[in-house]
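Only the coordinates and a few stated rules stand behind these numbers; no lab work does. If you're wondering where the values come from, they're calculated on a predicted model, not measured in any experiment. All Cβ positions, glycine included, derive from the backbone under ideal geometry; neighbour counts span all protein chains shown.
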Amino acid sequence: MAEELSINQGILLFGGTFDPIHNGHLIIARGAAEELEVQKVILVPAAQPPHKQGQCIAPIKDRLNMAVLATQDEKIFEVSNCEAKRNGPSYSIDTVRHFKTIYPDVPLYWLIGADSITELASWYKIGELVEECTIVTAGRKGYSSEGLSLLANILNQDQITRLKEHVLDTPSVEISATLIRQRVLMDLSIKYLVPDEVADYISIHILYEK
Ligand code: ATP
């Protein structure tokens, strides 16, 4: 019962390529959960990220395993393989609808980093997505509302206002998955950039070395 009540405060969905998951992801997810006062964060690694078609990415199995290892000590985190189970591009709208069927009465939030604001205009069915969940943007520091101007012809004023209102004050750090992959390739340490378990997984499974 207590569990049900706490979930009813909302669930934060966090999709990404997570190739690999890193501390930048974990810091904003933890911070956003705190600010929104939600008790459940579901990480959803994208099996086929629509914006990365044709790019070489690590197998979804490895990206899921790393997300599990990165969050195993924090009870509020869960990792979903729902996008791994679907065929075709991994669209966020399909994922939100998937969780709506499981949690019909629970507010759903979708977390993005500030740098993703400029990409929203190209997201599949973005108009429907902003109606079916609340998109929250993390890392106010890197946020620029100019990115929203790209949405002017796609979303209505009310929808754009809601996006502007849901910018969170989460802590953030300048870490990217690109940086992690580059450092592994150059045989440089990734300690403190990813959880130790993720660094060990990358090393054992010889990821990102070419
Ligand atoms: P890549 O460098 O390969 O593009 P990435 O580090 O941006 O990867 P993704 O899995 O593509 O990681 O990102 C998932 C989400 O996390 C995106 O919305 C992105 O904006 C956000 N994000 C990633 N790193 C950070 C960070 N250091 N601070 C804030 N948001 C971040």
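Summary table below
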quantity: Residue of 191, 164, 100 that the Gaussian network model of the chain assigns the largest fluctuation, springs spanning Cα pairs under 10 Å; calculated: 191
quantity: Extreme residue, positive dipole direction of region 96-210, given options 163, 185, 139 (C-beta unit charges); calculated: 185
quantity: Approximate spin-label separation residue 100-residue 186, in nm, with each point projected 7 Å along Cα-to-Cβ; calculated: 4.5
quantity: Positive-end residue of 50, 87, 173, charge dipole of region 11-173 with Cβ unit charges; calculated: 87
quantity: Rg over Rh [alpha-carbon atoms, Kirkwood Rh] for region 28-132; calculated: 0.94
quantity: Sites matching GluC sites (Glu not before Pro) across region 37-114 that sit in DSSP coil, with at most 11 neighbouring C-beta atoms within 10 Å; calculated: 37
quantity: Fewest-first ranking of 161, 134, 71, using other Cβ atoms within 10 Å as the exposure measure; calculated: 161, 134, 71
quantity: Inter-probe distance in nm under a simple model that places probes 7 Å from Cα toward Cβ, at residue 55 and residue 131; calculated: 3.0
quantity: Spacing of the two label points (7 Å from each Cα toward its C-beta) at residue 174 and residue 161, in nm; calculated: 3.6
quantity: Exposure rule at most 14 other beta-carbon atoms within 10 Å, DSSP loop chymotrypsin sites (Phe, Trp or Tyr not before Pro): the chain longest free segment; calculated: 1-123
quantity: Residue among 115, 105, 19 with the largest mean-square fluctuation in a Gaussian network model of the chain, springs linking Cα atoms under 10 Å; calculated: 105
quantity: From the C-alpha gyration tensor of the chain, square roots of 5λ in Å; calculated: 27, 20, 17
quantity: Helix 92-102 vs. the chain, principal-axis angle (Cα, 0 to 90°, nearest 10); calculated: 70
